[in-house]
Amino acid sequence: MPSRDLRDFIAALEEHGELARIALEVDPILEMTEFADRAVKQGGPALLFENPRGSRVPVLINAFASLRRMELALEVSSLEEIAGRLSELLALEAPQGILGKLKMLPRLAEVGSFFPRTVSGGPCKEVIRRDDFSLLDFPILKCWPQDGGRFITLPLVFTKNPETGKRNCGMYRMQVFDERTTGMHWQTHKHGAEHYRRLAALGGRRMDLAVAIGADPATMFSAVLPLPPDFDEMIFSGFLRGAPVEMVKCETSELEVPAHAEIVLEGYVEMGELRREGPFGDHTGFYSLEDDYPVFHLTCITHRQDPIYAATVVGPPPMEDFYLGKAIERIFLPLMKLQLPEIRDVSMPPEGVFHNLVLVAIRKSYPGHARKVMHALWGMGQAMFTKCIVVVDEDVDVQNVREVAWKALNHIDPERDIEFSFGPADSLDHASRLPNYGSKMGVDATRKWPEEGFTRPWPEVIRMSPEVRRRVDELWKLAGLP
Ligand SMILES: Cc1cc2nc3c(=O)[nH]c(=O)nc-3n(C[C@H](O)[C@H](O)[C@H](O)COP(=O)(O)O)c2cc1C
Ligand SMILES: [Mn+2]
């Protein structure tokens, strides 16, 4: 059985020695950040603050902040398992003959289990507060000294596409303005922002919104995934869990939220109402600048009898989000390969904070191939944000940044091998010439071919001959070397 909720996940973390309970009083204002930052950088456990200052609600931080914990979250022994399942699913072919069709049945049944199921009630409704509620009852963190206030950092924001009726779930941070209003920091390229624009174009006045905080780990992870528009993240969560996500209708709107969530915030944004949001110590390691974003008005809070508040802290890398991103990188590789089969591997080193640096190894087949791959990535979903793409040949291990730096820098003639382009920039990029718009750099660090105008010989990498290596293995011991 997959984790039904956050509690199941906490129990799993605890069972595997991946959780520390902290009974001391710790302040959600800055102090928890310092704990979380030290813990993740020391490879420490997830933290459950049982006694946050100013609130009776415990706080869970760093639940996804290691590869092992990501595996526990997705209930696999390696993320490659999920990539494998996804590849198999994508390879679904029309069955041949009766026997082939029969063999397909279990697969189809599996696909059926991905779809979310609407239920009539659930633990997230144990307490329903329509009048008497305040966000200030919750231990919402102020993460860094220059932050504009307290921020909800792990919210699952549910909206509906007003044109197609399809659901979206994205993770967009929310700055607490007062007891019943927050910011809604969906960046302009994200699906929530698109729903908002569509509704405005249709002449709508208000857009319903529901926010779940703390759910089963696969569902929480799904909110971060760069899925295509109108692809319901809850279906992907069903795929990850191998069981449907149970959804329950909100009290004040037609939206649905995960029935096993810890806390649900219901409300709306008013078209055209914007408010200054930020600054916020962000996952780039710098403060993201203040900007105007819609305002979320709460109409109702529902929660469990004894809710647990889930949070994350982002900041100078690596932090928890690096591990979420690493899981995305591993799980989505088969999807990338489906569109670009020449791709052997991809990596996003932590220092590149996802959008600044992508390293790609390809099997080069024709002149200009590296540049084709760069442009394909710049045209692929959220990879459009990538500021710098380095393309290397398939013999380079892109998971090893040192190897990439060594080989790529040897292989380039900068003026010839750098491709500049323009396009959308991540909203968090503070160096782009305009917000959300800037330049991109691709580095073709593949071996250059005569067909690309390179006629000089290309040297081989230095390797000792195997016979000598074997002989020195023995001599080494005889010489008494360690
Ligand atoms: C901890 C965390 C915080 C995030 N905060 C934001 C945010 O404030 N605004 C935003 O647009 N994206 C944010 N993201 C990234 C989005 O969740 C991600 O791009 C996701 O794919 C968006 O969903 P969508 O494609 O359905 O819009 C955050 C991601 C993580 C892991
Ligand atoms: Mn989406």
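The values are calculated or read from the model by the stated rules, or taken from the named source; none is laboratory data. Note that this is a predicted model, so its numbers are computed, not measured. No Cβ is skipped: glycine too gets one built from the backbone with ideal geometry, and neighbour counts run over all protein chains shown. Areas reflect the complete protein model, heavy atoms only, side chains present, ligands, DNA and RNA absent. Shrake-Rupley method; radii C 1.70, N 1.55, O 1.52, S 1.80 Å.
Some notes on this structure:
- Residue in the stretch 454-462 that is farther than 30 Å from Gln382 by Cβ, surrounded by 10 or more Cβ atoms within 10 Å (Cβ to Cβ) and not acidic (Asp, Glu) present: yes
- Some residue of the stretch 135-151 being modelled with pLDDT of 95 or more, within 16 Å of ligand 2 (Cβ to nearest atom), open to solvent by less than 60 Å² (accessible area, probe 1.4 Å) and out of contact with any Pro (no Cβ under 6 Å at 6 or more places or on another chain): no
- Taking the listed residues Ala431, Ala408, the one that is within 23 Å of the chain's Cα centre (by Cα), small (Gly, Ala, Ser) and either closer than 19 Å to Arg371 by Cβ or modelled with pLDDT of 95 or more (or both) is Ala431, with no other qualifying.
- Residue within the stretch 43-66 that is assigned to a helix (DSSP H, G or I) and open to solvent by 30 Å² or more (accessible area, probe 1.4 Å) present: no
- Verdict on Asp292 being closer than 28 Å to Glu451 by Cβ, of a type outside the set (Phe, Trp, Tyr) and either more than 16 Å from ligand 2 (Cβ to nearest atom) or touching a Leu at 6+ places or on another chain (Cβ under 6 Å) (or both): no
- Subset of the stretch 161-173 [farther than 22 Å from Gly214 by Cβ and either among the small types (Gly, Ala, Ser) or open to solvent by 40 Å² or more (accessible area, probe 1.4 Å) (or both)]: Pro162, Glu163, Thr164, Gly165, Lys166
- Restricting the stretch 174-190 to residues that are closer than 15 Å to Pro155 by Cα and within 11 Å of ligand 1 (Cβ to nearest atom), the residue that is most open to solvent (accessible area, probe 1.4 Å) is Lys190.
- Residue tally, condition in a helix (DSSP H, G or I), more than 13 Å from Ile328 (Cα to Cα) and either open to solvent by less than 60 Å² (accessible area, probe 1.4 Å) or among the basic types (Lys, Arg) (or both), over the stretch 74-104: 9
- Single residue of the stretch 200-231 satisfying the filter (assigned to a helix (DSSP H, G or I) and more than 16 Å from ligand 2 (Cβ to nearest atom)) that is least open to solvent (accessible area, probe 1.4 Å): Pro217
- Within the stretch 105-119, the set of residues being open to solvent by less than 70 Å² (accessible area, probe 1.4 Å), under 14 Å from Gly238 (Cα atoms), of a type in the set (A, V, I, L, M, F, W, C) and not in a helix (DSSP H, G or I) comprises Phe114 only.
- Residue check, Gly203 within 16 Å of ligand 1 (Cβ to nearest atom) and more than 19 Å from Phe115 (Cα to Cα): no
- For the stretch 330-346, a residue qualifies if it is open to solvent by less than 10 Å² (accessible area, probe 1.4 Å) and either within 14 Å of the chain's Cα centre (by Cα) or charged (D, E, K, R) (or both), and exactly one does: Ile331.
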